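Values quoted throughout were computed directly from the atomic coordinates according to the rules given, and no laboratory measurement underlies them. The structure displayed is predicted, hence computed values, not measured ones. Every residue, glycine among them, receives a Cβ derived from its backbone with ideal geometry; neighbour counts consider all protein chains shown.
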Ligand code: GFB
């Protein structure tokens, strides 16, 4: 069925994907055109799942707007151009549900991606990702490729970046709750707990991406989400329960909350892949916490700073 190459092979989703070649930052810097082309000329894949990118949570995006734009635009532009030059016919790229317009009719559907300004907290990342959709469509029209885009909602799971400053909400809260429990301290959470988020477990994203690389051919992106919005407060309670944390939870209401909600319509993936079953949130949190405790207590460090 042809050699499958994954970029971002040591990341949250990349580690969960079964592939012939998994590139990581140790293999080369995808922001560098020459290094990217050499990697693709060396491996000559038939199919690519492109997971690599500069990613982060709400504050990570707010504090590194220039980097998030430059790194993602250069990585994405290099990867798609190098893939085309070595004859890759099929490529799956990752967008994110946070790149949709902030002022949009709910629930969010794939058709709305370019219908307005993204949220001010992460507009550079959002526009860089939207250009990935434009580049894919343009290459399909000019070169006859089949480059498609998938749109996961907030992803969580093992091998995430558990950085409490720049990381996403779930790994940040897992780390903070672990430390609060271990040291008998208060558990600090940003905001009021009111904002709503949808979450998808990393293994589910990996399975759906493997399905997409062999089965999804539309030019229009496809949303990957259980479409089951829960509040940050419910996330906190789920994590605290899993740790059996009985201490004080402190809500730092002066901290940013980002978009209030970004509910999606997942009817497209449910129609295209009706047998797929999303991992139940409580189970996904348990698996992630088990992985985290096993790794942090063995002092295992990923290629990037994981803890
Ligand atoms: O995952 P997150 O940082 O990003 O979630 P977004 C932020 C939400 O969780 C906000 C609350 O409502 C925060 O107030 N929160 C509570 C925390 N405690 C914490 C904490 O300790 N750390 C973090 N990070 N949040 C991102 C985009 O938006 O969505 C990215 O900025 C990316 O570009 C990602 O695409 C999927 O969901 O707000």
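Net length available on complete extension from residue 234 to residue 41 is 64.7 nm, with 0.36 nm assigned per residue and the Cα-Cα distance removed. Length gained on full extension, residue 131 to residue 86, computed as 0.36 nm times the residue gap minus the Cα-Cα distance: 14.1 nm.
Annotation: for a label point projected 7 angstrom from Cα along Cα→Cβ of residue 115, residues of region 204-229 with backbone N closer than 19 Å are 219-225, 227. If you run the Gaussian network model on the chain, springs between alpha carbon atoms under 10 Å, then out of 258, 56, 144 the most flexible one is 144.
Distance between the C-alpha centres of region 16-46 and region 104-181: 21 Å, rounded to the whole angstrom.
For the chain, find the longest principal axis of its Cα atoms and tell me its angle to the long axis of helix 281-297, 0 to 90°, nearest 10. That works out to roughly 80 degrees. Here the spin labels are modelled as points 7 Å beyond Cα on the Cα-Cβ line, and at residue 241 and residue 294 they lie 2.3 nm apart.
A simple spin-label model places the labels of residue 272 and residue 179 4.0 nm from each other, with each point 7 Å out along Cα-to-Cβ.
Quick one: of the DSSP bridges fully inside the chain, what percent are antiparallel, nearest 5?
Details: 2 of 28 bridges.
About 5 percent, rounded to the nearest 5.
Remark: spin-label model distance residue 141-residue 104 equals 2.1 nm, labels positioned 7 Å along the Cα→Cβ axis.
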